[in-house]
Amino acid sequence: MTANKRIALSSDHAAIALRQTIAEHIKAQGWEPVDIGPTSPESTHYPKHGQAAAELVASGDCDLGIILCGTGQGIMMAANKVKGIRCGVCSDTFSASMIRAHNNANMLSIGARVVGEGLALDIVDAYLGTEFEGGRHATRVDMIGE
Ligand code: RB5
């Protein structure tokens, strides 16, 4: 996938710094981060932030989304409740690439308390740098939607 696409970003309080680092990282590569926060370090509730980013992707306002919480799990669960969203949590680059190649995941979730900054950025690069392969995988992805 080529850069300059719009990438929705959100997190809870556990991942603000990493989210902002990711936003700067992808912007430097030519992507357009749409960072909807939060910016306050106060404790907040990951479901509403996951939903908000997912709705940007599901509506077509953003092409893809990257969301974060402490583990990446809770916010992923919330995002996947929005129709049309396929979001996977990744702690390794192979999975980050494969959720694009085989699952056409339109959102990536990362646990800020699970992976360090360097690995998180590599995961983001693997995710954004991989295209959906289509073919037999399209049949399976369609089945998820059904
Ligand atoms: C917040 O303490 C934590 O529960 C949250 O960031 C996330 O890990 C939930 O899945």
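The values are calculated or read from the model by the stated rules, or taken from the named source; none is laboratory data. In this text, all values refer to a predicted model and were calculated from it rather than measured experimentally. As a convention, Cβ positions derive from the backbone with ideal geometry for all residues, glycine included, and neighbour counts pool all protein chains shown. For the accessible areas, the whole protein counts, side chains as well, though only heavy atoms, and no ligand, DNA or RNA atoms are used. Shrake-Rupley method; radii C 1.70, N 1.55, O 1.52, S 1.80 Å.
Per residue, the solvent-accessible area of segment 53-124 (1.4 Å probe, heavy atoms of protein chains only, all protein chains present) comes to 39 Å².
For E42 and D92 in one chain, what is 0.36 nm times their gap in residues minus the Cα-Cα distance, to one decimal in nm?
On the way: separation 50, 0.36 × 50 = 18.00 nm, distance 2.87 nm.
15.1 nm is the gain from fully extending E42 to D92.
At 10 °C and 1.306 mPa s, grab the translational diffusion coefficient of segment 26-75 from Stokes-Einstein with a Kirkwood Rh over Cα pairs, rounded to a whole number in µm² per second. List each step's numbers first, then the result.
Details: Rh = 11.9 Å.
Translational D for this selection: 133 µm²/s.
About its Cα centre, what dipole magnitude does the chain give when the only charges are +1 on Lys and Arg Cβ and -1 on Asp and Glu Cβ, stated in debye to the nearest 20?
Values: 12 positive and 16 negative charges, 61 e Å.
So the magnitude is around 300 debye.
Residues considered: R100, R136, R113. Largest GNM mean-square fluctuation over the chain, using C-alpha springs under 10 Å, is found at R136. Relative to the longest principal axis of the Cα atoms of the chain, the long axis of helix 117-128 lies at roughly 30 degrees.
In segment 77-127 the Cα-Cα distances spread across 5 Å bins starting at 0 as 5, 23, 31, 21, 15, 4, 0 percent of all pairs. On full extension, the segment bounded by D125 and A28 gains 33.7 nm, given 0.36 nm per residue less the C-alpha separation. Just want the answer: with Cβ charges of +1 for Lys and Arg and -1 for Asp and Glu, which residue in Y46, T139, S91 is farthest toward the dipole's positive end in the chain? Looking along the dipole axis, the top candidate is T139.
Can you give me the % of accessible surface on the chain that is carbon or sulfur? Probe 1.4 Å, all protein chains present, nothing else counted. The value for the chain is 51 percent carbon and sulfur by accessible area. Compared with the dominant principal axis of the Cα atoms in the chain, helix 16-28 is inclined by about 60°. Over the chain, the hull volume per residue, using the convex hull of the C-alpha atoms, is 87 Å³.
The stretch between V141 and T21, if pulled fully straight at 0.36 nm per residue, gains 40.1 nm over its current Cα-Cα span. Over the chain, dividing the summed -39,500 (n - 2.57) contributions of all DSSP H runs of at least 4 residues by the number of residues returns a 222 nm mean residue ellipticity of -13000 deg cm²/dmol.
Take the eigenvalues of the Cα gyration tensor for segment 1-61, scale each by 5, and report the square roots as semi-axes in whole Å, largest first. If you can, show how the numbers build up before the last one.
Working: eigenvalues 85, 46, 8 Å².
Those come to 21, 15, 6 Å.
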